[in-house]
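Have a look at the structure below before the remarks.
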Amino acid sequence: MPDFCNVHDLADPNIDWSFCPNIGAAYLYVILFALTTLAHIVQMIHTRKWYSWVIVVSGGMQTAAYILRILAIQQPRNDSIYSTMFVLLMVAPVWTNAYAYMVFGRMVYNFTQDAKVLGIRAWRFTLLFVLLDVIAFLVQAGGASIASGDDNVLLGIHIYMAGVGFQQLCLLCFLGAIVRFHQHMRAQRSTQHRQKGVTLLYVQYAVVVLISIRIIFRLAEYSSGIDSGIAKKEAYQYVLDSTMMLIALVLLNIWHPGRLMSGPESNLPSRKERKAAKKSGQQILGRGDEGLHGKHSREGSAGVV
């Protein structure tokens, strides 16, 4: 138990904690997030799917957040450590969200004939939703930074909640695209290639649910301000935030997109390839039911989004 866990110290305005934090739980989550992040690094290198750097950043930020949480417990009067920990914990899951968008765009390319969902090309869908996620990240990061200080805390919380709400709105639109893609998958005949797409599809459903649980928790937590009853119960944060994000990372370890969509041919066509195809009057199609190229064949490229 930290040394400041008494009524007198918790009432000290120079101490950032309004409750007695569990340092043992913080150590546990450092280990768990570090392990899944290390696994993602190894999987990224092994599969050569460099877009997976995004999920590595998510895991790395959450690992760093819990390292800082330990330091903040040990140094309860150090505002900079606590503030940095708070911001990292608030915004790290947005990177998991971005990775889900990037994976889904590649799913559309690999498991449809026309590389489209809701009439949108796979690479454009990815770019659109990643840009929306960047907006959500910037709003949340700005709000969390303001809320972590001593001034304008309520304003920061409101800005952060707006960013989280926007993230959830984007997730609902994303869910609509997943459902439409699911309908397409059900219409395909059963093949080994199709089964890989179905597996990834259910992982995507799970990730959306996990992120949504976390968002709903954060909205409920701060709906009554920074010092709400929910905010003072540490177990809620571990169960409804960090555990949800940890499960998402582990699911993406077990069913890694780079393993289920393997090889350079599974990468999205580069901008250069798309321009060349357009110039020659050809159309880049999806890899279809059997994982084969359509009318326009091409060399594999790494892809960036």
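Checking the table Lys49/Lys196; Lys196/Lys279; Lys196/Lys275; Lys116/Lys272 against a 28 Å threshold on Cα-Cα, which pairs fail?
Lys196/Lys279; Lys196/Lys275, as the Cα separations exceed 28 Å there.
Between Trp255 and Ile23, what is the label-to-label distance in nm when each label sits 7 Å out along the Cα-to-Cβ direction?
According to this spin-label approximation, the distance is 4.0 nm.
Using amide H atoms built 1.01 Å from N in the peptide plane, name the residues 5+ places from Lys49, or on other chains, whose amide H lies under 5 Å from its own.
The answer is none.
If I model a spin label at Ile31 and Ala277 as a point 7 Å from the Cα along the Cα→Cβ vector, what separation in nanometres do I get?
4.8 nm
Placing +1 at every Lys and Arg Cβ and -1 at every Asp and Glu Cβ, with all other atoms neutral, what dipole size does region 7-279 have around its Cα centre, in debye to the nearest 20?
Around 2120 debye, computed over region 7-279.
By how many nm would the segment from Ile135 to Arg180 grow when fully extended, if each residue of separation counts as 0.36 nm and the alpha-carbon distance is taken off?
13.7 nm
Efficiency by 1/(1 + (r/R0)^6): what FRET value for Asp79 and Thr243, r their Cβ-Cβ distance, R0 = 30 Å, to the nearest 0.05?
Efficiency at R0 = 30 Å is approximately 0.65.
Hey, in the GNM for the chain with a 10 angstrom Cα cutoff, which one of Val91, Val57, Val42 fluctuates hardest?
Highest fluctuation of the listed residues: Val42.
Please work out the FRET efficiency for the pair Lys232 and Ala206, using the Cβ-Cβ distance as r and a Förster radius of 25 Å; give the result to the nearest 0.05.
That gives a FRET efficiency of 0.25.
Which entry is the computed Cα extents along the principal axes in Å for this structure: [x] 66, 52, 31; [y] 73, 34, 33; [z] 67, 44, 42?
Identified label for the calculated read-out: [y].
When only Cα pairs under 8 Å and 6 or more residues apart are kept, what is the percent relative contact order across the chain?
Relative contact order of the chain: 21 percent.
Restricting to DSSP H runs of at least four residues, report the calculated mean residue ellipticity at 222 nm for the chain, -39500 (n - 2.57) per run over all residues, nearest 500 deg cm²/dmol.
Taking each H run of at least 4 residues, the total per residue is -23000 deg cm²/dmol.
We did not get these values from a lab; they are worked out from the coordinates using the rules stated. Only a predicted model underlies this, so the values are computations on that prediction, with no experimental measurement involved. Here Cβ is always computed from backbone atoms with ideal geometry, including for glycine, and neighbour counts include all displayed protein chains.
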